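The values are calculated or read from the model by the stated rules, or taken from the named source; none is laboratory data. A quick note: this is a predicted structure, and the numbers were derived from the prediction, not measured. Reconstructed Cβ throughout: ideal geometry from the backbone, glycine too, with neighbour counts over all protein chains shown. In case anyone asks, the SASA skips ligands and DNA or RNA and just uses the protein heavy atoms, side chains included. Shrake-Rupley method; radii C 1.70, N 1.55, O 1.52, S 1.80 Å.
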Amino acid sequence: MPEAPKKFLNPTEDYNLQDKNNKILHFIEEVTKTPHEVQKRVLAEILTRNAHVEYLQRHGLNGHTDRDTFKKIMPVIKYEDIQSDINRIANGDTSHILCSKPISEFLTSSGTSGGERKLMPTIEEELERRSLLYSLLMPVMSQYVPGLDKGKGMYFLFIKSEAKTPGGLVARPVLTSYYKSSHFKQRPYDPYTNYTSPNETILCPDSYQSMYSQLLCGLCQNKEVLRVGAVFASGFIRAIRFLEKHWTILCKDIASGTLNPQITDPSVREAVMKILKPDPKLASFIEGECRKDSWHGIITRLWPNTKYVDVIVTGTMSQYIPTLDYYSNGLPLVCTMYASSECYFGVNLNPLCKPSEVSYTLIPTMGYFEFLPVQRNNGINTNPVSVRKSLNEKEQQELVDLADVKLGQEYELVVTTYAGLYRYRVGDVLRVASFKNKAPQFNFICRKNVVLSIDSDKTDEVELQNAVKNAVNHLVPFDATVTEYTSYADTTTIPGHYVLFWELGLNGTTPIPPSVFEDCCLTVEESLNSVYRQGRASDKSIGPLEIKIVETGTFDKLMDYAISLGASINQYKTPRCVKFAPIVELLTTRVVSNYYSPKCPKWVPGHKQWCNID
Ligand code: AMP
């Protein structure tokens, strides 16, 4: 199997950038020429080393390592199918349940089950696979933007809180795990991982101090910055918003070369003080730019050598493209990679393409990939297979291999990993856009069933329905009901927030006080999953939920409008989430009153029942 060039991963004394880039590009060439063979070997390797694990034995795989037997015998599964195995591991069972190597920690996915983050098992060596995927990004980028080794990247990177399972394993998001690992902290010198943010500022658990110090360091080194970014678009916009709020104190620190006393973390202070020098000229330049009425192009004004913005704007993040274009004055928006807690998947080999054309090449060494065909009709999933919980034997065998997917066809991604997931449905829908050599390149279409998302939160229709059901209890004393509702992710505010449009049925005569609707807002929030509540309460990446009451008859107008666009009268169902601008406009013009959640919903790190680290 083509190996990642070892030398690139462990740079030695004779540092030759071009040589290393070429080796990486050669690696990509090789694995994309033979995806079929590489995938066959990856699966055989995973099954050989895990031949004796309880899960494979339970299903009777009996040590077979070939694809046909694997596909015939092993079920295609969802999280709930292995939840009891996961719980055993979380509770301290160290026997080889899913994987022959010890589970080193759990990665907490932003996908939830029963309102809590899913727990993805991982093993130590997966860090190497993730590092490998990261190592591909800059050699690819450098083919299109030369000279990136001559300056720095200003990336806003953060860790999130972690918890311990009852059995003592750490549970945390995959990026927190990566930033805290030696692969990141002790990375050898590489001009491509030369960031304006010192590690200490990234690893600071206090989000205010982390953001403040990262922005301060980015501003101090503004001329050196060649690229800016964050993981997701929402995170980058949050940093700009933070600058809008705090530029006066940031400038004060830059002018005087002293650090705001709110930054109390000693390691952050020490790291920042190595960079911060009194620079009244820079401070007054920044102040002059920030004071202007318009923040159009603020990125290119403050960081004049920036060549692109590196953030994910595919999937639900596409809602932030207009805001990013505004702040960056139309700099290229670059989506470099596609990854998850389950497995890191692939990279964008044409990073300067338009966001709407981004496609990801799955790197065949990362795991074993299969594809469940999906048929969607006008964006609606019409394939009974993907709505049903489990697949029958024939359907399980119809999953397509990486090298066999068809151009233009949409598929749900199914993954088998080195860490012990076998034929696991990731829940993402991808479309084959093109091929690199023999390897398919996929557009990210959507995450199945998600109706609302602002940051990494993902709310599905059932969760929303349940939350609304809980909230309307507050209306019972007033003999009022919600006759129809829909929702909308409003990203015009920073941070964005969920909006619910409610039409009421009023039988009582007592007017409903605003505080009751505010209670409804809070109850909806309390009922949503823990990733949403963490976004609200801890990360502050989601704003207070809003309920907009619309005038009677609004949802009839919505139906009339949908029918005028060609919807069938008999089959019409109120959409539980709206995005299409004319529909949002139709609803918005009929709003009679609006209310916001008065406080943050409750959230604690980890699953409800665990003891927490912080
Ligand atoms: P998590 O498991 O919380 O790390 O989230 C992983 C999920 O984030 C994936 O399954 C996708 O739904 C989404 N995601 C990751 N990378 C991208 C990307 N480049 N474009 C769109 N969505 C992405």
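As a length-normalised measure over Cα pairs under 8 Å and 6 or more apart, the relative contact order of the chain settles at 14 percent. Among residues other than Leu586 with Cβ under 12 Å from its Cβ, the summed charge is -2 (Lys and Arg +1, Asp and Glu -1).
Taking 18 Å as the straight-line reach from the Cα of Lys274, the aspartates and glutamates in range (excluding those fewer than 8 positions away in the same chain) are Glu200, Glu224, Asp253, Asp265. Taking a straight Cα-Cα cut-off under 17 Å and skipping sequence neighbours fewer than 8 places away in the same chain, the lysines within cross-link reach of Lys548 are Lys469, Lys557, Lys579. Of the DSSP H helices in the chain, none is both long (alpha-carbon extent of 27 Å or more along the helix axis) and hydrophobic (Kyte-Doolittle mean at least 0.5). How many percent of DSSP beta bridges within the chain run antiparallel, rounded to 5? Of the beta bridges lying entirely in the chain, close to 75 percent run antiparallel. Note on the chain: with neighbouring protein chains present and a 1.4 Å probe, carbon and sulfur make up 52 percent of its accessible heavy-atom surface. For segment 128-232, what number of Lys pairs, 8 or more residues apart or on separate chains, have alpha-carbon atoms under 29 Å from each other? Lysine pairs satisfying the spacing and distance rule in segment 128-232 number 13.
Note that segment 419-426 has calculated 3J(HN,Hα) couplings of 8, x, 9, 10, 6, 9, 7, 6 Hz, one per residue in order, obtained from phi through the Karplus relation 6.51 cos²θ - 1.76 cosθ + 1.60 (θ = phi - 60°); glycine and proline are x. Just so you know, the averaged projected area of the alpha carbon convex hull for segment 146-306 sits at 10.3 nm². Taking the centroid of alpha carbons for each part, segment 103-127 and segment 565-606 are 31 Å apart.
Close amide H partners of Val451, meaning residues 5 or more places away or on another chain with modelled amide H under 5 Å apart, are Thr459, Asp460, Glu461.
Classified by the C-alpha gyration tensor, segment 450-596 has an oblate form. Its axis ratio a/c, with a ≥ b ≥ c, is 1.5 or above, and a/b does not exceed b/c.
In Å², what does the accessible area per residue of the chain work out to with a 1.4 Å probe?
Value for the chain: 42 Å² per residue.
Pairs of Cα atoms nearer than 8 Å and 6+ residues apart set the relative contact order; for segment 450-596 it is 29 percent. Each residue of segment 601-607 was assigned a 3J(HN,Hα) from its phi angle through the Karplus expression (A = 6.51, B = -1.76, C = 1.60, θ = phi - 60°), giving x, 6, 8, 10, x, x, 6 Hz with x at Gly and Pro.
The fraction of all Cα pairs in the chain landing in successive 10 Å bins from 0 to the largest distance is 3, 15, 25, 27, 19, 9, 2, 0, 0, given as whole percents. Scanning residues 5 or more positions from Val374 or on other chains, those with amide H under 5 Å from its amide H are Glu410, Tyr411, Glu412, with H placed 1.01 Å from N in the peptide plane.
Converting phi to 3J(HN,Hα) with the Karplus coefficients 6.51, -1.76 and 1.60 and the offset θ = phi - 60°, segment 91-102 yields 8, x, 6, 9, 5, 7, 7, 10, 9, 6, 8, x Hz in sequence order, with x at every glycine or proline. Database remark: amide H of Phe106 closer than 5 angstrom to the amide H of Val170, Ala171, Arg172 (H placed geometrically; neighbours at sequence offset of 5 or more, or on other chains; Pro and chain starts carry no H).
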